[in-house]
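The values are calculated or read from the model by the stated rules, or taken from the named source; none is laboratory data. This is a predicted model, so every value here is computed, not measured. Cβ: placed from backbone, ideal geometry, glycine included. Neighbour counts: every protein chain shown.
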Amino acid sequence: MTIDLQQATLRELFQWVGAESDPDLQDKKRFFLQVKTAMGNGTVEERLLRLMTWVGTKLISTQTHSRLTQPFEILKSGTAWCDQQTKIFGFFAWWLLGVPARELAMKHMDGVNGHSVLEAMHNDSWHLYDVHSEHQAVYRHPDDGHIMDWQELATHPDVVVAENHWWRGNNGMGKEGFYDPTRPPETCSELHLGNKFIALPW
């Protein structure tokens with residue numbers, strides 16, 4: 001049974017999951033039903049924000065990185081660091097919404113800490129989503145309220161400061177230390193079709 005994941009209704013997804021005879025593939029397909037249910041209806045931005053919340057509720061961070069890289073392996077483990085949670089977000093953003101995304105690896109101004117976030121392309125521009133369950137945030141431009149990208153935040157660190165997040169780097173700076181205009185992030189992966197990471201197992 002084939003299905004258009006972006007256009008399928010929840011009923012069609014439910015039938016698609018139920019028709020799968022392979023238990024492992026059925027478990028993997030069930031994640032699509034869960035995510036589409038969690039995202040609900042609305043604009044792309046509204047659905048991405050709900051997807052971010054879903055990722056944060058499904059995965060917790062531990063002291064040791066599991067080194068898992070494939071989406072379903074990460075989800076089944078139940079634990080994930082920021083780079084892994086970002087990959088899960090990008091995976092479902094592409095397959096269920098057709099939204100291209102890229103993972104950014106940032107270095108803090110303390111010279112020690114790193115953090116991964118994601119930029120998603122919608123409404124003809126990039127928008128940054130800090131997906132990790134302990135950091136979850138988007139940063140809105142004070143003028144028109146759009147979700148800003150990394151480049152904008154590097155010139156408006158006050159927007160990050162205003163969030164007043166509990167996290168602090170070794171130098172006492174908060175998350176604004178990840179938005180250093182002199183040290184742009186590394187684009188780790190383009191999380192869209194064409195990258196083998198995003199391939200489906202069926």
Among the candidates 119, 103, residue that is in a strand (DSSP E or B), surrounded by 16 or more Cβ atoms within 10 Å (Cβ to Cβ) and without any contact (Cβ under 8 Å) to a residue 60 or more places away in the chain: 119
Positions within region 138-152 being under 19 Å from residue 53 (Cα atoms) and surrounded by fewer than 16 Cβ atoms within 10 Å (Cβ to Cβ), in sequence order: 140, 146
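So is residue 75 out of contact with any strand residue (DSSP E or B) (no Cβ under 8 Å at 6 or more places or on another chain), more than 30 Å from residue 151 (Cβ to Cβ) and in contact (Cβ under 8 Å) with a residue 60 or more places away in the chain or not? Outline the logic, then answer.
On the way: out of contact with any strand residue (DSSP E or B) (no Cβ under 8 Å at 6 or more places or on another chain): yes; more than 30 Å from residue 151 (Cβ to Cβ): yes; in contact (Cβ under 8 Å) with a residue 60 or more places away in the chain: no.
Here the answer is no, as residue 75 does not meet what is asked.
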Evaluation of residue 65 against (1) in a loop (DSSP other than H, G, I, E, B); (2) of a type outside the set (A, V, I, L, M); (3) more than 18 Å from residue 116 (Cα to Cα) (one fails), failing number: (3)
Residue in region 82-100 that is surrounded by 20 or more Cβ atoms within 10 Å (Cβ to Cβ), modelled with pLDDT of 95 or more and in a loop (DSSP other than H, G, I, E, B) present: no
Tabulated pairs, region 40-59, first small (Gly, Ala, Ser), second not in a loop (DSSP other than H, G, I, E, B), C-beta under 7 angstrom, 6+ apart or interchain: 40/47; 40/50
